[in-house]
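Okay, structure first, notes after.
The values are calculated or read from the model by the stated rules, or taken from the named source; none is laboratory data. Quick caveat: nothing in here was measured; it's all calculated off a predicted structure. Every residue, glycine among them, receives a Cβ derived from its backbone with ideal geometry; neighbour counts consider all protein chains shown.
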Amino acid sequence: MEIITLVKANIKRRKGAFIAVVLLTAIIVASSLSIFNFTDSMDRALESSFRDRGDPTDVCFVFSQYYTPELEEKVRSLDIVEKLDVYDALDNWYNDGVSNRVGNHNDGNSYFYMKLHDGIRLINSDISGFEDNIPALEKGEVYLPLGCREKLQCKVGDSLETCFYYKKYEFTIKGFVQEPQNGSAQIGWKQVFISDEDFDELSEISAKTKADPAYKNDKAVQKGIEVKVFNLFKADSYTGSDTQFQRDVNLATKLGDLSGGTLTKAQSVNYSALLPNVLSKIVLTFIMVLFVVALVIMGHSISSEIEIDRKKLGILKSQGFTTHKIRLIMQIQYIFAMIIGVVIGLVGAFFLSGVIADEFVETVGTPISINISVLKAVLVITAIIGISLLVMAIKTHKVTRISPVQAITGQKDDVYFDSRLRLGLSKKLLSLTLGIRQFTSAKRRYISMLIISALLMYFMVSINLIAGLVTSRNALEMMGMEVTQLDMNINNAGEDLLTIDEAEKRAEEIIEKYTTIEKRYAVNGTYCSINGYKLFCRAYKYPQDIGGLIKGRRPRQRNEILITQMVSDEFGWKIGDKVNVAGRSGEFECMVSGIYQSMNDAGMVFAIPYEAFETLSPSFKINYEGFVIKDESKAKQIADEIDKALVNDKGEKKGSCSYWDIENEGEEMYESEINLLKGIIYSFSGVFMLIAVVLLCTKAFVLERRDIGIYKAVGFTSARLRLSFALRFSLVALLGSLIGIALSELFTQKMMEALLSVIGVCYLDLETGVLDIVIPMVLLVVGFFVFSLVASRKIKKVETRELVTE
Amino acid sequence: MKEAILTAKGLCKSFAHNGGQLHIISNVDMELYSGDFTVIMGASGSGKSTLLYALSGMDRATSGSIMYGGTDLVTLKENKLAALRHTDFGFVFQQMHLVSNLSIFENVAVTGYLNKSVPAKETDRRVDELLEKMSISHIKTHLPSQVSGGEQQRCAIARAVINKPKLIFADEPTGALNRKNTQDVLDLLTELNKEGQSILMVTHDVRAAARADRILYLSDGKILGDLDLPPYVPEEIKSRETQINAWLTSLEW
């Protein structure tokens, strides 16, 4: 009973500390569990989406010129293939600025238009689940996978414009469906569904177009738009991985080599969950640091409480309370606060998980029904309370050192103010120098605040550096992105086309009138295989300009390739190794000349000179060239001029050129997610800053109440004392910021490399801009100043009368 | 005719207590004169410290007026009172109340720095001078925790006079000191008074009161006696103590 009485009294007296612990625990529990709930629910949703389709292991898109019934039969007859479903599809064209467009949003990736088949489920209107049935499509209607909602910024009822051959067609979006293989916004190619009537009509048009004498010499038309979509289901007896399965099928049938693209279930799940997983890991890392911050705050609160309540604790001891009992009372009040925080956190996690799921639903490509991850919740809560108990046990150990007599007579063990760092007082800067003195003479009291501000600064700088990655040219190039100011595309369909060589010659002449070319990327990509493993292949006309080289050298010979670190780790190929590269029309031996970085296909990619690539896939031509120019200010002017020059002898436009302003446009797709992450981290930092200041200020205020009285007695005003108080906290925040900057310099790069390795980025060259440091530093220092100024309002209530000894 | 520097009229100080009011100071009328060493005596709980702090503006009186330089301290705003504390008034407490993380020099200087009309160098010079006068210049870099109680109190007196106040308020300045230190502190206050410094001191020690040239006796928040004494001469200390004791006895202390 006596314990309950004291716990109740302590909570009543220390409402601030109690509420702070409740809040900190709630934030940590809510954020960590919402991440776990979301990622677990996302994994379950992805797994379930594949089950709805019968759990296909691999999807291969085989263009009509490479398809034969024999190939299909060969695949079907393999022992390792349990089932093979082959669907007919039609691949759209890019023509006159349209490939798949809704309003102003055009997606240049291939969309495979096909009849609706089993296993495709209609998503309900609020994207929270599924309709029981999927209504058949009428003529002119289309079902789009959920990822298109984000890519095309469209909604039900919007009109989707596309091209087959040289003609445009329009479909009305009837709904969004779950298509597990390509449905994520993170995956380029899409399987979309139209009515049987439309499909048959388009197939008929295709046949007629190809037979039309007017297009007899049009290679693109003759290639056709027909595609066979192979869905392979591995046999139950097959024990290898999805990648291994794909390879075994490819080695036995060449299906992989003949396909325009392939995607295993494992790859699809990985790509769909990639962005949420990377961002979740960043947030979880941040939460772990916040937990450390929370422990520091709690530890400081306990220490200060012991210091402030020294006399009271002495009295309790003199009345027969054992040290153990006193420590128990202190621990119970914090545990009680934590339990309340856990309950609030659990409720918060449930709602927060839903918010996160809504944010990422299109990225993942399927509705995510949130389930509580009970086991993880138990583990997280146990870990939080267990570690906190340990900290409490360590911090309350001080109670053992309190002697009743010493405490009651007011004697103390520690002399905090015996400092070597005694800077003189200045009349002009009296408030500041007094603040510095308060800090230097009681450094131990401010260590926790120093740690807190250092950690908060570390994370704010880190998130700025991460955000900088998507707008910094050097950083993007280091990650293997080809950052150009001028993008030139030439048509690959129709007659009297321009060749890349001709277009390039005209572009060079125009650019050289204004500036010089620093780098150029004439590149195209498709899927090829290395030693039977299907990988994305990027063919470069100018391999000497390939970016993101980490080790070795760029290809100098036609039989040399670059692979990513991820490919090297996955398949065990090293620099100097000889590998067999195969395409649709051939294969040859190559040597790995180096390791480079690329985010194409999330790092599962290799680079090859175009000269060599031509022999693997002769029909695949380069139709894009990007230029890096010295004088960026001329980019728009040059782009306009090149655009006009891309005409054939008949004056027909056969290409286009645009310019890209990285500084202003950035990488839009990731920018919104990065900004969301930035917002979360800055908001959390603000809340933690507020809690830390309120707790630390309150303790400092109690400990310094007598000094405040003295200063008032000799003529200091409350305003001046509050200013000095706030300046002291700002000073600590400033010092903490400097430590945070040092931590960031030391660890951010390594942390980001570890987190981004899943998307193929193993080496980063982070650029720290002045604003990346100055903004969080100002926020932290000003935040601490303002919060501590507000928290110090109690100074007004200190009366000099308190110094009177009656 | 002595010049009054502080005049209290109808001064009351009450506290809320058990749903009613506890009157500590009741309707006090008094005047303090320039150059006087005035002492307030009274039994424990008589309200002498409360009266001292009310008169100095450190504590707000419940009613009445305290006129100082034409201004009523009872209604004066907090920042004006703060200014008054570092320009016109000096304080010496029983428990010294030095700022623990400032050196002896800094404890005095920090109050001096509040006086905007004196340059910092001049303040520093004056602090050195005062510490010399108080015989504590050798410990000027020490922290309060590193010096004796008597030295701390001498520092507190130096702090009280650094801005050349018109009136020093001293609340039992020798209450926490031993005999030797008590003597030293009283000598210092006497010396300051001889130089023209007005002092109002609260004490219940007759030896300390013997330094005054005016004693007010307080009982239950009311001034019951007012004794004028001739200027202090060390050799007459015994007879002054006898006179004060007799006076106090007549007032039934």
inquiry  = With the requirement that a residue be surrounded by 15 or more Cβ atoms within 10 Å (Cβ to Cβ) and in contact with a Leu (Cβ under 9 Å, 6 or more places away or on another chain), what does region A:159-171 give you?
reply    = A:LEU160, A:PHE164, A:TYR169, A:PHE171
key: region B:84-108: number of residues that are in contact with a strand residue (DSSP E or B) (Cβ under 7 Å, 6 or more places away or on another chain) and within 7 Å of chain A (Cβ to nearest Cβ)   = 3
task = Read through the list (1) small (Gly, Ala, Ser); (2) within 9 Å of chain A (Cβ to nearest Cβ); (3) touching a strand residue (DSSP E or B) at 6+ places or on another chain (Cβ under 7 Å), then give the number of the only condition that B:GLY45 fails.
result = (3)
request  = Identify the single condition in (1) outside any helix (DSSP H, G or I); (2) in contact with a Gly (Cβ under 8 Å, 6 or more places away or on another chain) that A:ASP765 does not satisfy, given that it satisfies every other one.
outcome  = (2)
ask   = of a type in the set (Phe, Trp, Tyr) and modelled with pLDDT under 90: does that describe A:PHE571?
value = no
remark   = Over region A:117-143, the set of residues buried (at least 18 other Cβ atoms within 10 Å of the Cβ), assigned to a loop (DSSP other than H, G, I, E, B) and β-branched (Val, Ile, Thr) is A:ILE120, A:ILE134
query = Going by the structure shown, is B:SER117 at positive phi, out of contact with any strand residue (DSSP E or B) (no Cβ under 8 Å at 6 or more places or on another chain) and either of a type in the set (S, T, N, Q) or at the interface with another protein chain (Cβ under 10 Å from one of its Cβ atoms) (or both)?
reply = no
request  = From (1) touching a residue at least 60 places away in the same chain (Cβ under 8 Å); (2) assigned to a loop (DSSP other than H, G, I, E, B); (3) more than 46 Å from the chain's Cα centre (by Cα), pick out the condition that doesn't hold for A:ARG706.
outcome  = (2)
query = Restricting attention to region A:301-319, does a residue exist that is free of Cβ contacts under 8 Å to residues at least 12 places away in the same chain, over 27 Å from A:ASN37 (Cβ atoms), surrounded by fewer than 19 Cβ atoms within 10 Å (Cβ to Cβ) and of a type outside the set (D, E, K, R)?
reply = yes
ask   = Is it the case that region A:81-91 has a residue that's farther than 12 Å from A:GLU226 by Cβ, touching a helix residue (DSSP H, G or I) at 6+ places or on another chain (Cβ under 6 Å) and part of a helix (DSSP H, G or I)?
value = no
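Within the group B:SER65, B:SER26, B:SER46, which residue is assigned to a loop (DSSP other than H, G, I, E, B) and more than 12 Å from the chain's Cα centre (by Cα)?
Going through B:SER65, B:SER26, B:SER46 in turn, the sole match is B:SER46.
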inquiry  = Against the definition (among the small types (Gly, Ala, Ser), free of Cβ contacts under 8 Å to residues at least 12 places away in the same chain and more than 30 Å from A:GLY603 (Cα to Cα)), how does A:ALA220 come out, yes or no?
reply    = no
remark   = Here, helices (runs of 4 or more DSSP H) confined to region A:407-489 with at least 2 residues that are at pLDDT 80 or above, surrounded by 16 or more Cβ atoms within 10 Å (Cβ to Cβ) and on the phi < 0 side of the Ramachandran plot are A:430-440, A:443-469
ask   = Taking region A:144-167 only, how many residues are within 23 Å of A:PRO180 (Cβ to Cβ), among the polar types (S, T, N, Q) and in a strand (DSSP E or B)?
value = 1
ask   = Within region A:101-115, is even one residue surrounded by fewer than 16 Cβ atoms within 10 Å (Cβ to Cβ), modelled with pLDDT under 95, touching a helix residue (DSSP H, G or I) at 6+ places or on another chain (Cβ under 8 Å) and not aromatic (Phe, Trp, Tyr)?
value = yes
query = Pick from region B:8-20 the residues that are exposed (fewer than 12 other Cβ atoms within 10 Å of the Cβ) and in a strand (DSSP E or B): which of them is farthest from the chain's Cα centre (by Cα)?
reply = B:GLY20
message = Need the failing condition index for B:THR123 against (1) within 12 Å of chain A (Cβ to nearest Cβ); (2) farther than 17 Å from A:ILE710 by Cα; (3) in a loop (DSSP other than H, G, I, E, B), just the number.
response = (3)
inquiry  = It is to be established whether one or more residues within region A:376-383 are touching a Gly at 6+ places or on another chain (Cβ under 9 Å), surrounded by 16 or more Cβ atoms within 10 Å (Cβ to Cβ) and of a type in the set (A, V, I, L, M).
reply    = yes
message = What's the total number of residues in region A:620-657 that are modelled with pLDDT of 85 or more, of a type outside the set (Val, Ile, Thr) and in contact with a helix residue (DSSP H, G or I) (Cβ under 8 Å, 6 or more places away or on another chain)?
response = 9
task = Among the residues of region A:596-637, count how many are on the phi < 0 side of the Ramachandran plot and touching a Gly at 6+ places or on another chain (Cβ under 6 Å).
result = 7
From A:GLU767, A:GLU745, residue being closer than 24 Å to A:VAL293 by Cα, of a type in the set (Asp, Glu) and under 21 Å from the mean Cα position of the chain (by Cα) = A:GLU745
note = Among residues of region B:129-153 being at pLDDT 90 or above, part of a helix (DSSP H, G or I) and more than 14 Å from every other protein chain (Cβ to nearest Cβ), the residue surrounded by the fewest Cβ atoms within 10 Å (Cβ to Cβ) is B:HIS138
task = Specify the residue that is modelled with the lowest pLDDT; the eligible residues are those in region A:790-806 that are away from chain B (no Cβ under 14 Å) and surrounded by fewer than 20 Cβ atoms within 10 Å (Cβ to Cβ).
result = A:LYS794
